[in-house]
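The values are calculated or read from the model by the stated rules, or taken from the named source; none is laboratory data. Since the structure is predicted, the reported quantities are computational estimates derived from the model, not experimental observations. Quick reminder, even Gly has a Cβ in these numbers, built from the backbone with ideal geometry, and neighbours come from all protein chains shown.
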Amino acid sequence: MYKIYTVIVNYKSEDVIAKAVASFNEEEVEHKIVILDNGSTQESYAALRKELGDVIEIIRTESNLGYSAGANYAVQYIKEKYDDVGYFFFFNPDALATKNMLGKLYHTLQNHDKAAAVSPLILDMQGNKWFSGTRIEWYSCRIENNPKNSDSNRIREIDTFNGCAVLIDAKAFFEVGMFNEDLFIYYDEPFLSMELLKKGYRSLYDPTAVAHHMVSHSSGQHSIFKTHLMTRNHVAFFKKYGKSKSPLCPYYFPLRMILFFLKRMMFKNIYYVLKGIYDELTGKRGAP
């Protein structure tokens, strides 16, 4: 049986996902790809089955569960159907693998004590660094991607992995309770990274493995959907795990977003920043 199961939570068209699947053609480790068609239309599901049904396994939910619950649904399905599951590789449908990317990540986890998650170097489609590690600035309540004073050219421990492409030890994943389904989407990575850390596990970055990502292809860079849930889940994250003594710290990032949108007269986005704050304060969770 397979030890590695690649999980793709579908929110894209079948031609985009077909490219993601085809990008694994130069992979040296054996793995099984399972796509969760996350509440799409029957027409979209039929098109996906026609495009890829003979190549990989496709499962479906009747409604959109969001990323967190959708990924959990897929891994529970895999756990119940297959024996000896060692690792889950979560991969965005609008991302592309490079030669033996998964094999390199697998060997990195094997060779680093207490490592439970590892993400590759992720480039945008122009070849620019999109993800080369993270640092959580606890006392300013900010998550910094590609921190300036860190070595992006070596395997190292990071504060949080990147969900666009991450290999996770299945035992550790289930031990910490899987992804937080209250989030729906966004910030699932730092929440899970903190739960892994509480259990003594480490998250790593491996620049020898490379993926490409069509940045913000899914929801738009400044969509109101993204603005809303990024705000809500950011506040929730720093309220739960933050180390700042200031109770206002979780709101610094939303304030910067308001100023950003105000300068650009994006008033609808400002409304959804405020809605995100309101939802967190009133305990609104899950789907927006």
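A few remarks follow.
- Candidates are the residues of the stretch 137-172 that are out of contact with any helix residue (DSSP H, G or I) (no Cβ under 7 Å at 6 or more places or on another chain) and surrounded by 20 or more Cβ atoms within 10 Å (Cβ to Cβ); the one that is farthest from residue 116 (Cα to Cα) is 164.
- Residue pairs meeting the criteria (Cβ under 6 Å; at least 6 apart or on separate chains; first farther than 21 Å from residue 197 by Cα and modelled with pLDDT under 95, in the stretch 151-162; second among the small types (Gly, Ala, Ser) and exposed (fewer than 14 other Cβ atoms within 10 Å of the Cβ)): none
- Residue-level check: of (1) under 15 Å from residue 93 (Cα atoms); (2) out of contact with any helix residue (DSSP H, G or I) (no Cβ under 9 Å at 6 or more places or on another chain); (3) modelled with pLDDT under 90, residue 46 misses just (1).
- Being over 28 Å from residue 125 (Cβ atoms) and in the same structural domain as residue 13 (by TED's automatic domain parsing) is a condition met by no residue of the stretch 221-235.
- Flag for residue 47 being small (Gly, Ala, Ser), in contact with an Asp or Glu (Cβ under 6 Å, 6 or more places away or on another chain), in contact (Cβ under 8 Å) with a residue 12 or more places away in the chain and not assigned by TED's automatic domain parsing to the domain that holds residue 230: yes
- The set of residues in the stretch 72-88 being of a type in the set (A, V, I, L, M, F, W, C) and either in contact with a helix residue (DSSP H, G or I) (Cβ under 6 Å, 6 or more places away or on another chain) or without any contact (Cβ under 8 Å) to a residue 12 or more places away in the chain (or both) consists of 85, 88.
- Of residues in the stretch 255-270 being of a type outside the set (Val, Ile, Thr) and in contact (Cβ under 8 Å) with a residue 12 or more places away in the chain, the one surrounded by the fewest Cβ atoms within 10 Å (Cβ to Cβ): 268
- Any hit, the stretch 89-101, residues being within 24 Å of residue 198 (Cβ to Cβ), in contact (Cβ under 8 Å) with a residue 12 or more places away in the chain and surrounded by 14 or more Cβ atoms within 10 Å (Cβ to Cβ): yes
- Selection from the stretch 217-241 of residues that are buried (at least 17 other Cβ atoms within 10 Å of the Cβ) and either of a type in the set (S, T, N, Q) or touching a Phe, Trp or Tyr at 6+ places or on another chain (Cβ under 6 Å) (or both): 218, 224, 227, 228, 229, 230, 231, 233, 234, 237
- Condition met for residue 148 (outside any helix (DSSP H, G or I), among the charged types (D, E, K, R) and at pLDDT below 95): yes
- Residue match in the stretch 247-254 (condition: in the same structural domain as residue 79 (by TED's automatic domain parsing) and surrounded by fewer than 18 Cβ atoms within 10 Å (Cβ to Cβ)): no
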